[in-house]
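Let me begin by presenting the structure, written as structure tokens, before commenting on it.
Values quoted throughout were computed directly from the atomic coordinates according to the rules given, and no laboratory measurement underlies them. Please read all numbers here as calculations on a predicted model, not as lab measurements. Ideal geometry is used to build each Cβ from the backbone, glycine not excepted, and the neighbour counts take in all protein chains shown.
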Ligand SMILES: [Zn+2]
């Protein structure tokens, strides 16, 4: 363990059972930088303020905020921080729309035809409410595209666009130290959800192939020299190659399990398949996550030519080829 690293993890509370905390990382070099400042809640902000004060830093001294992706548990406090410090906020351009709070119910666009009963669609409004409650609009945002070098006085971090969990998901890599700030692409105790997102294409709005992106992103990480990971949730990862490879194996196995289920059930919609796969144990927001998980696997199976999708009465049915 290298205690001389200028990177300080700060664990911040989240208002849900899992994950129960998110990690902000203070980078103590010039410009003073914070990666993922957590949610905007009075409790989280107080803990962040105290952790900074312990190091002789106040909010006003933060010059730059780097966001790994546009999920509220990671970026919610960014607007408040900018208001207090004038810090520059950077995010990959593909996640810009997620943090500008346009009020677009993004989830509905890709899950409305999955067979979820209309009554259960109310769970979406819970997500929107949470977005609004735990974040605030950001005045000025700098976006970047692809991979850029983030300069500090004594070193630089390389940003790497690794989509899958989110289309603009970005990690920050310190080549000299073989160290990675991984956001949510790889987490120590939970398997990250690849999330389907609407993408505008010349042929109309389509779903992103997020599981395929996730696997590509993990393969890229597996090919890099990484000996320490600071993840978005949970403790540091001391043996990254082992964990990265086990996550790749998990997604591949799950894909085969869902393919086997599809072959045994015949054509079904993603909601029915989620009920069958998770054996009816689903409640509340879990339903959305479960249907999403089934859907991203089905999309990859279709992409691989092993399954097909057809629309019947506005609902997508999937069958094995
Ligand atoms: Zn996330």
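Label separation (residue 216 vs residue 261): 2.6 nm, computed from points 7 Å beyond Cα along the C-beta direction. Relative to the longest principal axis of the Cα atoms of the chain, the long axis of helix 210-222 lies at roughly 50 degrees. Packing order of peptides 12-20, 111-119, highest average first: 111-119, 12-20 (average count of other Cβ atoms within 10 Å over each peptide's residues). Does anyone have the angle between helix 285-303 and the longest principal axis of the chain? Alpha-carbon axes, 0 to 90°, nearest 10? Computed tilt is about 70 degrees.
Among 199-208, 129-138, the peptide with the highest mean count of other Cβ atoms within 10 Å heads the list, and the full ranking is 129-138, 199-208. Which of 223, 159, 149 moves the most in a Gaussian network model of the chain with Cα springs under 10 Å? Between 223, 159, 149, it is 223 that shows the largest mean-square fluctuation.
Each principal axis of the Cα atoms in the stretch 122-170 has its own extent, and those three values, largest first, are 47, 26, 16 angstrom. Packing, taken as the mean count of other beta carbons within 10 Å per residue, orders the peptides 292-301, 35-44 from highest to lowest as 292-301, 35-44. To the nearest whole percent, what portion of all C-alpha pairs in the stretch 202-260 is separated by more than 12 angstrom? Tail of P(r) above 12 Å: 73 percent of Cα pairs. Annotation: the residues 308, 271, sorted from fewest to most other C-beta atoms within 10 Å of their own C-beta, follow the order 308, 271. Taking max minus min of the alpha-carbon positions on each principal axis, the chain gives extents of 62, 39, 39 Å, largest first.
Using alpha carbons only, how many degrees (0 to 90, rounded to 10) separate the axis of helix 123-133 from the longest principal axis of the chain? Computed tilt is about 10 degrees. In the chain, helical runs assigned H by DSSP with n ≥ 4 each contribute -39500 (n - 2.57); averaged across all residues and rounded to the nearest 500, the mean residue ellipticity at 222 nm is -10500 deg cm²/dmol. By DSSP, the beta bridges lying fully in the chain are antiparallel in about 70 percent of cases.
Look at 172, 277 and count the other Cβ atoms within 10 Å of each Cβ; fewest to most, that gives 277, 172.
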